[in-house]
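The values are calculated or read from the model by the stated rules, or taken from the named source; none is laboratory data. Quantities reported herein were computed from a predicted structural model and do not represent experimental measurements. Note: ideal-geometry Cβ built from the backbone for every residue, glycine included; neighbour counts use all protein chains shown. These accessible areas exclude ligands, DNA and RNA; they are computed on the full protein's heavy atoms, side chains included. Shrake-Rupley method; radii C 1.70, N 1.55, O 1.52, S 1.80 Å.
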Protein chains: 2
Amino acid sequence: MQWADISRLKIGDTASCELLVDERSLVAFAELSGDDNPLHMDENVARNLGFPCRVAHGMLALSAISRLIGTQLPGPGSLWISQELKFPAPVLVGDALLARVSVERVSLAAGLVKLQTEVRKRGSDTIVLSGTATVRIPHLQNPATTPHE
Amino acid sequence: MQWADISRLKIGDTASCELLVDERSLVAFAELSGDDNPLHMDENVARNLGFPCRVAHGMLALSAISRLIGTQLPGPGSLWISQELKFPAPVLVGDALLARVSVERVSLAAGLVKLQTEVRKRGSDTIVLSGTATVRIPHLQNPATTPHE
């Protein structure tokens with residue numbers, strides 16, 4: 001496992017992952033959060049509100065950003081401090097998404113990294129999440145302790 | 001079910017819910033998102049990074065805001081448009097939280113509502129999430145269609 005290491009980060013470093021927003025993930029998030037807004041859960045309601053089918057929870061797109069930050073860039077050990085985000089277009093059930101984070105600023109002294117965060121529909125220019133995240137990289141007190149390696 | 005109805009919202013309207021961040025919710029979110037950052041999953045790593053025990057994913061606190069918006073205030077039909085948030089203190093596994101949203105501004109013409117969003121540790125002044133959300137309330141094309149009632 002590659003620990004988050006602020007000294008190795010450079011502006012422009014980028015990581016990405018894919019995400020399929022399917023029935024299973026919608027139901028799993030509704031159960032986990034208690035958010036069973038019928039816009040997400042009921043096809044008739046979604047159509048009646050003007051959408052072609054059910055709209056996914058915005059947090060499913062954001063969950064891919066959480067994954068990138070916690071596992072890839074900056075990676076294991078990272079602590080999310082703040083996030084600004086917009087959902088410019090709805091994610092629909094069945095959408096395949098491409099999430100990306102890229103390093104915008106590195107504050108070595110403060111141990112803070114600012115990232116651009118974006119999620120698009122795959123193979124399309126449609127942005128479903130845009131924003132910025134600030135992440136703190138805690139100091140590893142005993143770098144020899146890497147139980148997952 | 002009470003649909004989101006922007007004409008009935010008043011500045012200061014508030015809704016709240018409780019949330020227990022336990023082992024089960026941590027594992028469920030790690031599986032759903034793919035975010036298995038050892039800060040969240042491994043007690044030894046969390047201690048080595050300076051925390052008393054595992055830190056929960058920030059999105060678990062945010063999921064309670066998603067629930068309040070989608071089910072209580074503004075409620076069913078609401079569409080999350082944007083969110084600014086800070087995580088001023090970490091949520092630790094086992095924490096009981098109290099989430100709250102309150103109406104800060106209502107733009108009837110635009111169909112938009114701005115909410116203050118906050119999550120605290122229960123019975124404490126420790127704020128673990130603070131910020132604001134903007135929510136759009138789509139126009140119900142056929143108000144008679146309320147399949148969940």
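Annotations for the structure displayed:
- For the stretch A:1-78 versus the stretch A:119-133, the inter-centroid distance based on Cα atoms is 11 Å.
- Square roots of five times the Cα gyration tensor eigenvalues for the stretch B:5-53, Å: 35, 14, 10
- Semi-axes of the equivalent ellipsoid of the stretch A:50-112 are 29, 12, 9 Å, computed as sqrt(5λ) over the eigenvalues of the C-alpha gyration tensor in descending order.
- Heavy-atom accessible area with a 1.4 Å probe sorts A:Ser102, B:Ser124, largest first, into B:Ser124, A:Ser102.
- With the Kirkwood sum run over all distinct C-alpha pairs, the stretch A:45-149 has a hydrodynamic radius of 15.2 Å.
- Take the Cα radius of gyration of the stretch A:3-106 and divide it by 2.2 N^0.38 Å, N being the number of residues; the result is 1.24.
- Trypsin sites (Lys or Arg not before Pro) restricted to the stretch B:1-110 and DSSP loop, no more than 13 other C-beta within 10 Å: B:Lys10
- Label-point distances for B:Glu31 to the equivalent site in the other copies, using a point 7 angstrom along Cα→C-beta, read 0.7 nm when ranked shortest first.
- The angle between the Cα long axis of helix A:23-33 and the longest principal axis of the Cα atoms of chain A comes to about 70 degrees, rounded to the nearest 10.
- For the protein assembly as shown: Kirkwood Rh in Å [reciprocal of mean 1/r, alpha carbons]: 19.5 Å
- Inter-copy spacing of B:His139 label points, which lie 7 Å from Cα along Cα→Cβ, given in nm from shortest upward: 5.9
- Between A:Ser107 and B:Glu31, the FRET efficiency estimated from the beta carbon spacing at R0 = 51 angstrom works out to 0.95.
- Pseudo-label separations to other copies for A:Ala109 - Cα-to-Cβ vector, 7 Å, nm: 4.7
- Under the simplified labelling scheme, the A:Thr14-A:Leu92 pair shows an inter-label distance of 2.7 nm, with each label point 7 Å from Cα along Cα→Cβ.
- Taking only protein heavy atoms and a 1.4 Å probe, the accessible area of the protein assembly as shown is 48% carbon and sulfur.
- Cβ-Cβ FRET estimate between B:Cys53 and B:Asp125, R0 fixed at 25 Å, reported to 0.05: 0.75
- Interface B-A: total buried accessible area of about 4200 Å², 1.4 Å probe, protein heavy atoms only.
- Between A:Ser7 and A:Lys114, residue separation times 0.36 nm minus the direct Cα-Cα distance comes to 37.1 nm.
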